Amino acid sequence: MSVCEIQGLIRDYGNGRGVFDLSFAIHQGEVFGFLGPNGAGKTTTIRHLMGFLKPEKGYCTIGGMDCWKDRADIQKTLGYIPGEMVFFDDMTGLEFLSFMAKYRRIKSNGRTRELLDRFELDARGKLKKMSKGMKQKIGIVAAFMHDPEVLVLDEPTSGLDPLMQNRFIELMLEERARGKTILMSSHMFEEVERTCSRVAIIKNGKLVALDNVEALKAAQARKYVITLEDEDAAAAFAGEGLRVYEVSHNQVTVIVQSNIKELLSVMNRYPVINILTPNQSLEEIFMQYYGGGRS
């Protein structure tokens with residue numbers, strides 16, 4: 001069952017900026033990664049989901065409700081972390097969280113205090129005096145405090161130190177286990193790999209990949225580290241016309257996409273001692289779409 005759906009979404013700002021015929025769906029209980037560099041269209045997409053922008057063409061729905069027409073109802077129950085935090089600076093953190101609770105018409109249920117403790121946050125100070133990391137924590141607490149079934153998170157760990165980033169990943173894994181539906185836009189590849197079941201990659205406003213993480217890894221070019229008998233054999237091996245990534249002493253790292261038979265044929269002619277296939281990170285996959293080849 002699709003909880004969140006984007007179909008044929010178009011928002012054209014001119015000069016190739018915007019999103020163009022964008023379509024994907026997020027299933028119930030799924031944590032969905034949304035990747036792309038600055039300017040790719042991630043935040044524009046999220047603003048449509050939040051009802052901040054009206055689609056030029058196409059539509060977005062959350063829980064069967066139109067994100068533009070029903071935006072007030074959606075926003076009251078949704079968990080949302082914006083890419084850039086904006087607060088009422090004269091409020092304290094606790095006053096802001098109290099304001100959000102009243103807006104959503106929720107009573108204290110202990111969730112807010114549990115989140116403040118988890119992220120080691122004293123929210124009594126004025127927001128205008130808080131660091132970026134502290135403000136980010138306030139945003140996380142505000143997004144999760146009402147225990148929403150659906151969350152839209154735009155760079156949720158921006159400004160957090162590694163310890164708090166790991167705390168956030170733990171929170172995401174807990175929410176996933178509880179069946180929450182989450183869209184997470186992020187540059188933090190580790191948190192996407194650890195938390196998301198599927199990933200979409202957007203480039204120049206268009207979807208260029210959509211699959212689970214392991215399938216994306218399997219479909220892309222892979223590195224193989226070939227260990228040969230000595231450095232002379234490695235140098236000769238590197239000159240065989242394969243796509244060589246690196247030569248180090250008696251090891252040659254080659255990149256293979258569809259020419260595995262060619263690699264095996266070359267290996268049969270050399271004194272190969274060992275072959276390794278390093279784990280491919282989501283970041284390496286991401287860079288294949290942006291570093292050359294695909295458009």
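The values are calculated or read from the model by the stated rules, or taken from the named source; none is laboratory data. Source: prediction; values computed, not measured. We place every Cβ from the backbone using ideal geometry, glycine too, and count neighbours over all the protein chains shown.
Numbers at a glance
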read-out	value
Residue under evaluation N250, criteria (1) in contact (Cβ under 8 Å) with a residue 40 or more places away in the chain; (2) over 17 Å from the mean Cα position of the chain (by Cα), criterion not met	(1)
Checking S2 against (1) touching a residue at least 12 places away in the same chain (Cβ under 8 Å); (2) farther than 20 Å from A209 by Cβ, the condition it does not meet	(2)
From the options E114, E120, E190, residue that is assigned by TED's automatic domain parsing to the domain that holds G64 and within 24 Å of T43 (Cα to Cα)	E190
Filter result (among the β-branched types (V, I, T), surrounded by 15 or more Cβ atoms within 10 Å (Cβ to Cβ) and over 28 Å from the mean Cα position of the chain (by Cα)) within segment 269-287	V272
Any hit, segment 161-183, residues being farther than 22 Å from E114 by Cα and out of contact with any helix residue (DSSP H, G or I) (no Cβ under 6 Å at 6 or more places or on another chain)	yes
Residue in segment 49-63 that is in a helix (DSSP H, G or I) and closer than 30 Å to L282 by Cα present	yes
Hey, L171 surrounded by fewer than 21 Cβ atoms within 10 Å (Cβ to Cβ) and closer than 16 Å to S2 by Cα or not	no
Condition check for D73: farther than 17 Å from L151 by Cβ and acidic (D, E)	no
Residue within segment 159-168 that is surrounded by 16 or more Cβ atoms within 10 Å (Cβ to Cβ), of a type in the set (D, E) and in contact (Cβ under 8 Å) with a residue 12 or more places away in the chain present	no
Subset of segment 10-42 [β-branched (V, I, T) and either without any contact (Cβ under 8 Å) to a residue 24 or more places away in the chain or out of contact with any Asp or Glu (no Cβ under 6 Å at 6 or more places or on another chain) (or both)]	V19, I26, V31
Inter-residue pairs, beta-carbon under 8 Å, first modelled with pLDDT under 95 and in segment 223-239, second in a helix (DSSP H, G or I), 6+ apart	Y224/L263
